[in-house]
Structure formats: structure tokens, C-alpha cells
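The values are calculated or read from the model by the stated rules, or taken from the named source; none is laboratory data. Here the structure is a predicted model, which means the values were calculated and not measured. Counting neighbours? That spans all protein chains shown, and the Cβs are built from the backbone with ideal geometry, glycine included. With ligands, DNA and RNA removed, areas are computed over all heavy atoms of the protein, side chains included. Shrake-Rupley method; radii C 1.70, N 1.55, O 1.52, S 1.80 Å.
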Amino acid sequence: MPRSQRNDNFIDKTFTVMADMILKMLPTKQSAKEAFAYYRDGMSAQADGEYAEAMENYEEALKLEEDPYDKSFVLYNMGLIHASNGEHEVALGLYEEALALNPRLCQALNNMAVIYHYKGEKVEATGDSQAASELFDQAATYWMEAIRIAPNNYIEAQNWLKNTGRMKVDTFF
């Protein structure tokens, strides 16, 4: 039984009923409707920490989804799961795929920056300041792009960029 049909939560049930009604009324291909249902079930499973189930739903959604913009969000969510499992290289690859389809997906840019910053901190702890600096520079590149797209977001990243001299104070103003 699809996850959307077994939600116990009143709010989830209400959202599911509303989403199903909207899907039925939209003049959209059946495959797009099915892709959305898988995506919705994937998000629900992901929110519940059921990552294997979420990934299965996202993979099905990817098979059916034709719209590049919508595919980018499926890939992004798959990247979130891999990142949360410590599979950073896989997550980076999925974020890159998402960005290829949707270059303005600043959340993916931010998450890539976070991964590179994390890697930089790990390398810095080993005493290799040159390699750490390169990883921090890579993080800065992704954060700068995310901030360019959404200048009011990522305040902590902006502060880090300013404090480390990787961004001039007035770059975006």
C-alpha cells in the first residue's frame, strides 16, 4: 500500500487528499501524476526517517518524471539522504546532477558547500592546512553562488566568508 494511503496523521491525510484532488483536476499526463505520487511518498518516508523506502520512491519518480525542474528536486532529496548517511561523494554527485537540471537550486549549492567545509575541517584537524584551505575555497565558491542566487539566505555562510576573507563585505549590496 502506498505510504500516502496509510498516513495516520490528520494533517498528512488532509494534505494527501488535497494533493490527490489537485492531481486529478490538472490536465497532466498520467506519468507525471504517478511521478508526483512517488515523489510525495518519498518525501513522507524521508520525513519519517525511512530512507530506504524514500529512495525507492524517488527512484520510481525519476523513471517517470520528464520535467527537468521537478527531477532536480528528486535528485536533491536523494542527495540529502546520502549526505545524512555520510555518503558525501554520492551526495555531491546527486547535487551536481540536480544543478545541471536546475542551476538556480541554491539549496544544493549550500549543501555542497557544507560538505566541502566539513571535509576542510577534517583535513585541517590532521594538520594539512594547504589541503584544508583548498577545500574551504571550494566551499566558498559554492556558498558565493548560493548567496548570489538568494542574497538574503545563508547568513552564517556569509559571516564565515567575511570572517575568512573569502568575501568582501559589500559584495552583494
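The share of alpha-carbon pairs in segment 48-173 lying farther apart than 19 Å comes to 53%. Across segment 32-173, the relative contact order, built from alpha-carbon pairs under 8 Å that are at least six residues apart, equals 14 percent. Between residue 90 and residue 31, the distance separating the two model label sites (each 7 Å from Cα on the Cα→Cβ line) works out to 2.6 nm.
The accessible area of residue 129, taken with all protein chains in place and a 1.4 Å probe, comes to roughly 80 Å². Packing order of peptides 140-147, 121-128, highest average first: 140-147, 121-128 (average count of other Cβ atoms within 10 Å over each peptide's residues). Once the chain from residue 63 to residue 134 is taken as fully extended at 0.36 nm per residue, the excess over their C-alpha distance is 21.9 nm. Annotation: average projected area of segment 87-126 is 2.7 square nanometres, based on the convex hull of Cα atoms across all directions. Bridgeable aspartates and glutamates around residue 122 (alpha carbons under 19 Å apart, same-chain partners fewer than 8 residues away excluded): 87, 89, 134, 137. Using all C-alpha to C-alpha distances in segment 19-118, build P(r) with 10 Å bins and read off the rounded percent in each one. Per 10 Å bin, starting at 0, the Cα pair percentages come out as 18, 44, 31, 7, 1. The mean sequence distance of close C-alpha pairs (under 8 Å, at least 6 residues apart), as a share of the length of segment 103-173, puts its relative contact order at 31 percent. Listed by chain and number, the lysines whose alpha-carbon sits under 27 Å from that of residue 29, ignoring those within fewer than 8 places in the same chain, are 13, 63, 71.
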